[in-house]
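Data first, discussion second: the structure below is written as structure tokens.
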Amino acid sequence: MITYALWFAFGCFGIAQLCCLYRVVFSPGVPDRVLALDTMALNMIALLTLVGLLFGTRMYFEVTLLFAMMGFVSTVAYAKFILRCDIIE
């Protein structure tokens, strides 16, 4: 039963990834693209966690933590670039 739930979750997060990709490509403004990229990072974290649950290994959870840190830092850096047009002060 858990296998069916995992595959259903894969489908839901896959559709969410495609919707965010559409928003990144056809977005009216830059802040919308940043938000869509951040949401894509969150969806990817969820997908990696589901893969870890499906295969029953802990390696994917460590990759998930690294991906979360990189997604947070890149979102903050891009938002700072948009606001001040300079990343390094």
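Each reported figure results from applying straightforward, stated rules to the coordinates on display, with no laboratory input. Note that the structure is a prediction, hence the values are computed from the model and not measured. Note that each Cβ is placed from the backbone with ideal geometry, even for glycine, and that neighbours are counted across all protein chains shown.
Listing for the model above:
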| quantity | calculated |
| --- | --- |
| The chain, relative contact order [Cα under 8 Å, separation at least 6], % | 24 percent |
| Karplus-derived 3J(HN,Hα), 6.51/-1.76/1.60, for each residue of region 63-73, Hz, glycine and proline x | 5, 4, 5, 5, 5, 5, 5, 5, x, 5, 5 |
| Ranking of THR49, THR3 by count of other Cβ atoms within 10 Å, fewest first | THR3, THR49 |
| Residue of LEU37, LEU50, LEU66 that the Gaussian network model of the chain assigns the largest fluctuation, springs spanning Cα pairs under 10 Å | LEU66 |
| Selected from GLY56, GLY11, GLY71 as most flexible by GNM, with the chain as the system and alpha-carbon contacts under 10 Å | GLY56 |
